[in-house]
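Here is the structure we will look at, set down as structure tokens.
The values are calculated or read from the model by the stated rules, or taken from the named source; none is laboratory data. Every value quoted in this text rests on a predicted model; they were computed, and no experiment measured them. Neighbour counts run over all protein chains shown; Cβ positions are idealised from the backbone, glycine included. With ligands, DNA and RNA removed, areas are computed over all heavy atoms of the protein, side chains included. Shrake-Rupley method; radii C 1.70, N 1.55, O 1.52, S 1.80 Å.
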Amino acid sequence: MNQSKTSLNPDVVIVGAGVAGIYMLHKLKNTGLTTVVLEKSDELGGTWNWNRYPGARCDIPSLEYSYQFDEELQQDWNWSEKYSAQPEILEYLNHVADRFDLRKDISFEEEVLEAKFNEELSLWDIKTNKEVYQSKFCIFATGCLSVPNKPDIEGLEEFEGQLLSTSYWPREKVDLADKNVAIIGTGSSSIQTIPEIAKEVKNLYVFQRTPNYSIPSNNGPMDKGVEADIKSRYAEFRKENWKNGFGIAGISDEALIAESDIDEVNNQLEDNWKNNGLGFFGGYADVPIDANSNEVAAAFVRNKIKEIVKDPKTADKLSPKYHIGGKRLCVDTGYFETFNRENVHLIDLHSSPINRIGKSNIEADQEYDIDTLILATGFDAMTGALTSLDIVGRNGIILRDQWKQGAKSYLGLGVSNFPNLFTITGPGSPSVLSNMMPSIEQHVNWIADCIGWMIDNNKNVIESSLSAEEEWMDLVNEIAGMTIFKSTESWYNGSNIDSKAKAFLPFIGVPVYTEKLEEVTSNNYQGFIFDTSNN
Ligand code: NAP
């Protein structure tokens, strides 16, 4: 492409320097394309930069939740624990940026405010808080869970105590010792935070709207034997995992609970409970699709909660009644045990909703005087980072408006009316229903190959065809419709945000998706249109 490009008119602008942006930059580095990454923060790392709350760690084993694009990197890097904590993951991402000399092409503290497709020139005009860029391609590497959901609770703005959010936790240590602390929300972030802060606070008031199923991580120091074994066959290990429905080791689809002896099932679930974390359903293909089989696994976890939590009323409140797995399964370190502490109090918002937040208290079934309020209320998942700024495509259409009735994307990679724009792990791809790391690598590799193919074949502009996009999202919903995901309220289907369209967003099934991507590529990017528009 154009060799005289400057940093303000590069070939490619990548938005976001998280796991996806870092690898996308590396992948394009020696292609002859000029690339710049725009990052809002003064640090790279994306989700692992922002989410610094106590207890933050990955819930997929680090030997899997890591890049595989460079064999030496994956051999050299040693994780200290089975599931690494946020500081170590951030250190790893910084190491990758330094190792591959990526930092010089990342512009920090630069927030994209608008990206507008210039139809006359077939270029993207990208306005930030500092500059205006013009690029041929614009790649959004903005993550699936990056725009926090701020709850609409009366009085929140008037709260005068310390207000914290798990998704924007301060960098300096927060001293919660001897404080009365409230936390709203009981998803993965909260489930990791609660056991940590309960140890130091005076009182912890947990405001729970919906309980969650959580499986113990049984985290610990990295088993050197396991590490050596995996490293001796890393490529093969990654390949094996990728054949599983969710692309994660141990979550293979073999037996059916419906056809198995119940004692054997309970023994297997016991084993999974002790060893598998997120892979708790491991071995049973029917948990996500058969309500009765799902109930067997759900009841198993509810019994565990009853065994762990001493007060039966609290145990009951902590026990979810919906399909297990329909909301994202959580993985914890001592979560349910924490409710046996005298300083931890569970407030069930179904029986006692929050009436209002005062200057220094929360009014629900009674008044709770608090020094600190922590919001752990989740994210505008999968679409928030793309709809919270003005992304303007053909004919002035804004992506936010195009997606008003539900986000539609072809393969989670491209959107009709938005030419030469790619999304990494966008809606319609396995993303959040897979191990994000290899899913990100899959998309980055695909985008880089696609751009390379366009150059080789003298194509200037790529766009998803409207019909391919429609058909693909119909399939996404058809598959979800066969599972318990469709009938459970979750952020997978936009139910966590009142104003959001209720549509199922991720694609279920890594192997089917991978096959489809390969088919599309080998048929000259079937379903995409080149140098023409949908209109
Ligand atoms: P989340 O799972 O969406 O949980 C948000 C919580 O806040 C839910 O309990 C929700 O209740 C509650 N909530 C929202 N609005 C509320 C309101 N107005 N009043 C009271 N409660 C309210 O968010 P998250 O915990 O941040 O986790 C999001 C995702 O991030 C996870 O599912 C996971 O994929 C990822 N994550 C991963 C890790 C990891 O790898 N270790 C760690 C953290 C997060 P409802 O359920 O009733 O909506």
The chain - share of DSSP beta bridges that are antiparallel (%, nearest 5): 40
Unit charges at the beta carbon, dipole of the stretch 429-523: most positive-side option, Trp491, Pro430, Gly481: Trp491
Dipole in debye (nearest 20) - the stretch 73-194, about Cα centre, beta carbon charges: Lys, Arg +1; Asp, Glu -1: 380
Long-range amide H partners of Asn417 with built H, under 5 Å: Ser464, Asn534
Phi to ³J(HN,Hα) by Karplus 6.51 cos²θ - 1.76 cosθ + 1.60 over the stretch 412-419, Hz, x for Gly, Pro: x, 10, x, 10, 4, 6, 10, x
Sparse-neighbourhood loop sites, GluC sites (Glu not before Pro) in the stretch 106-183 - DSSP loop, at most 10 other Cβ within 10 angstrom: Glu120, Glu160, Glu172
Mean residue ellipticity (222 nm) of the chain, computed from DSSP H runs ≥ 4 via -39,500 (n - 2.57), nearest 500: -9000 deg cm²/dmol
J(HN,Hα) series, the stretch 199-208, from Karplus relation 6.51 cos²θ - 1.76 cosθ + 1.60, nearest Hz, glycine and proline x: 5, 10, 6, 6, 9, 10, 9, 9, 9, 10
Debye, to nearest 20: dipole size of the chain, +1 on Lys, Arg Cβ, -1 on Asp, Glu Cβ: 480
Cβ crowding within 10 Å averaged over residues, with 76-83, 490-497 ranked highest first: 490-497, 76-83
Computed lengthening from Phe530 to Asp369, 0.36 nm per intervening residue step minus Cα-Cα distance: 51.9 nm
Percent of Cα-Cα distances greater than 33 Å, calculated over the chain: 42
Out-of-range pairs (alpha-carbon distance over 27 Å; input Lys179/Lys321; Lys150/Lys313; Lys127/Lys502; Lys40/Lys104; Lys116/Lys243; Lys29/Lys130): Lys179/Lys321; Lys150/Lys313; Lys127/Lys502; Lys116/Lys243
Inter-site label distance for Asp178 and Glu295 at 7 Å from Cα along Cβ, in nm: 5.2
Debye log10 I(q)/I(0) at q = 0.18, 0.22 Å⁻¹ for the stretch 1-120, Cα point scatterers: -0.97, -1.28
Stretchable slack from Gln162 to Glu515, in nm (0.36 nm times residue separation minus alpha-carbon distance): 122.1 nm
Accessible area (Å², per residue) of the chain, counting only protein heavy atoms and a probe of 1.4 Å: 41
